[in-house]
Amino acid sequence: MCYLRSMVKPVVEIRRPRGDEWERILDVLKTANFHRIGGTEMPEFPLSDCFVALVGGRVIGVAGYRILDETTAKTTLLAVDPANRSLCVGTDLHRTRMDFLRQRGVRTLYTNTDDDRVVNWYIRHFGYRKTGDLIPKTEPFGRADRDHWINLRVDL
């Protein structure tokens, strides 16, 4: 999915977000229909549990997680501004959160997606496996043409 491998890639900074970046984070989440924070699909999205990607000081991507117990975690949201998807930002964000969780002692990481291309991306790049679980959506979130999430798992 990264298309600029042969070109000069702009400097992408990945770090923890600041509170004053919340509106731009929501703008990025809107591009994937992930912006309805506070509903049943995503009751909360604490900035302390996510990373942002920036180019030139502007938020272009976000990736969250939730630690479930000492050795288990779940990804929450991952979205990249469509104009920047060829920069491998999603890959960099996911690697950052995987590395962080591994360092915290997490050994099993789950994720849900409603997009078959994203399922294949997780499997191909990160070694995820489908669990077989399909989780019904409780409200419009993500792809409008899907009524369930596909559950994936990877061992860190």
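Give the residue, chosen from Gly64, Gly39, that is over 12 Å from the mean Cα position of the chain (by Cα) and either surrounded by 18 or more Cβ atoms within 10 Å (Cβ to Cβ) or small (Gly, Ala, Ser) (or both).
On the way: Gly64 fails: over 12 Å from the mean Cα position of the chain (by Cα).
None of the other options fit; the residue is Gly39.
Has the range 125-142 got at least one residue that is modelled with pLDDT of 95 or more, surrounded by fewer than 20 Cβ atoms within 10 Å (Cβ to Cβ) and assigned to a helix (DSSP H, G or I)?
Yes, some residue in the range 125-142 is modelled with pLDDT of 95 or more, surrounded by fewer than 20 Cβ atoms within 10 Å (Cβ to Cβ) and assigned to a helix (DSSP H, G or I).
If you go through the range 71-92 one residue at a time, do you hit one that is within 18 Å of Val28 (Cα to Cα), in contact (Cβ under 8 Å) with a residue 60 or more places away in the chain and among the polar types (S, T, N, Q)? Spell out the reasoning first.
Narrowing the range 71-92 to residues within 18 Å of Val28 (Cα to Cα): 75-92.
Next cut, in contact (Cβ under 8 Å) with a residue 60 or more places away in the chain only: 85-92.
Filter once more, so that each one left must be among the polar types (S, T, N, Q): 86, 91.
Yes, some residue in the range 71-92 is within 18 Å of Val28 (Cα to Cα), in contact (Cβ under 8 Å) with a residue 60 or more places away in the chain and among the polar types (S, T, N, Q).
Check off (1) surrounded by 14 or more Cβ atoms within 10 Å (Cβ to Cβ); (2) at pLDDT 95 or above for Arg102 and give me the number that stays unchecked.
All conditions are met except number (1).
Looking at Phe51, is it buried (at least 17 other Cβ atoms within 10 Å of the Cβ) and in a loop (DSSP other than H, G, I, E, B)? Write out each step before concluding.
Values: buried (at least 17 other Cβ atoms within 10 Å of the Cβ): yes; in a loop (DSSP other than H, G, I, E, B): no.
So Phe51 fails the test.
In the range 41-64, which residues are closer than 15 Å to Asn112 by Cα and either among the polar types (S, T, N, Q) or touching a residue at least 40 places away in the same chain (Cβ under 8 Å) (or both)? Working first, answer last.
At the first step, the residues of the range 41-64 found to be closer than 15 Å to Asn112 by Cα are 41-42, 63-64.
If the condition is that a residue be closer than 15 Å to Asn112 by Cα and either among the polar types (S, T, N, Q) or touching a residue at least 40 places away in the same chain (Cβ under 8 Å) (or both), then Glu41, Met42 are the ones that fit.
The values are calculated or read from the model by the stated rules, or taken from the named source; none is laboratory data. If you're wondering where the values come from, they're calculated on a predicted model, not measured in any experiment. With ideal geometry, Cβ positions are generated from the backbone for all residues, glycine too; neighbour counts draw on all protein chains shown.
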